[in-house]
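Notes follow the structure.
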Amino acid sequence: AKYHGEKMIPFVSYDHWFGMGNDITIDNLKIQALRAAEIGIEIFVVDAGWFIGDFPSGVGNYSVDPVKFPNGLEELASYIECLGMGMGLWFEPERICEGTEIATEHPDWLMKHFGIDDLQGSYLLNLARIDVQDYLIELIGGFIERLHLKWSRWDFNIRPLPFWREFDINSTCCQGCE
């Protein structure tokens, strides 16, 4: 692949999820980051589980878990940078779980479905809405700025088609869309 006409060489990255899952803290991620830096990793990725409520039930909470990260993610980002690596951060903004910040504060932003067992308790964020787009740009852009992110992981762990079908059948307009 080329980027701006130049051949790209992918970064070597480490993603905590595949070895640690939700079981992360500032302390154990610092140990992992140190080891990653020692073997030449270029991007240290903090995957799901950094927010309140763990993965998957906390998807839709974008407040940093104060138990895992008492000083926020900034402390870890600074440590990673001092080790000579860039930081990456996981997001799954299109899926929202029941009872989370977004589900509670903005139920009108959610596309719902009925009768699909493996999707119960999950909603799809209506990305057609301008206010939702603005929210995500501010949210993710804020993390990029504050943490000096060099990489982001935009995950998508949910099947969107059932939500789109339900929304199309039951909606005559999309309030907030332009």
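Given the condition polar (S, T, N, Q) and without any contact (Cβ under 8 Å) to a residue 40 or more places away in the chain, answer yes or no: does some residue in segment 87-100 qualify?
Going residue by residue through segment 87-100, those that are polar (S, T, N, Q) are 100.
When the remaining residues are screened for being without any contact (Cβ under 8 Å) to a residue 40 or more places away in the chain, the result is none.
So far as segment 87-100 goes, no, none of its residues is polar (S, T, N, Q) and without any contact (Cβ under 8 Å) to a residue 40 or more places away in the chain.
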When the residues of segment 84-127 are narrowed to those that are modelled with pLDDT under 90 and assigned to a loop (DSSP other than H, G, I, E, B), which ends up most open to solvent (accessible area, probe 1.4 Å)?
114
Here are the criteria: (1) at negative phi; (2) touching a strand residue (DSSP E or B) at 6+ places or on another chain (Cβ under 9 Å). Tell me which single one residue 25 does not satisfy.
(2)
Output the residue which, of all residues in segment 41-61 that are in contact (Cβ under 8 Å) with a residue 40 or more places away in the chain and not in a loop (DSSP other than H, G, I, E, B), is nearest to residue 11 (Cα to Cα).
43
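Looking at segment 72-83 only, could you name the residues that are outside any loop (DSSP other than H, G, I, E, B) and open to solvent by 20 Å² or more (accessible area, probe 1.4 Å)?
Of the residues in segment 72-83, the ones outside any loop (DSSP other than H, G, I, E, B) are 74-82.
Hits for segment 72-83 are 74, 75, 78, 79, 81, 82.
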I'm checking my understanding of the structure. Among residues of segment 137-169 that are open to solvent by 100 Å² or more (accessible area, probe 1.4 Å), assigned to a helix (DSSP H, G or I) and out of contact with any helix residue (DSSP H, G or I) (no Cβ under 7 Å at 6 or more places or on another chain), which one is modelled with the lowest pLDDT?
169
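The values are calculated or read from the model by the stated rules, or taken from the named source; none is laboratory data. No experiment lies behind these values; they were computed from the predicted model shown. All Cβ positions, even for glycine, are placed from backbone atoms using ideal geometry, and neighbour counts span all protein chains on display. For the accessible areas, the whole protein counts, side chains as well, though only heavy atoms, and no ligand, DNA or RNA atoms are used. Shrake-Rupley method; radii C 1.70, N 1.55, O 1.52, S 1.80 Å.
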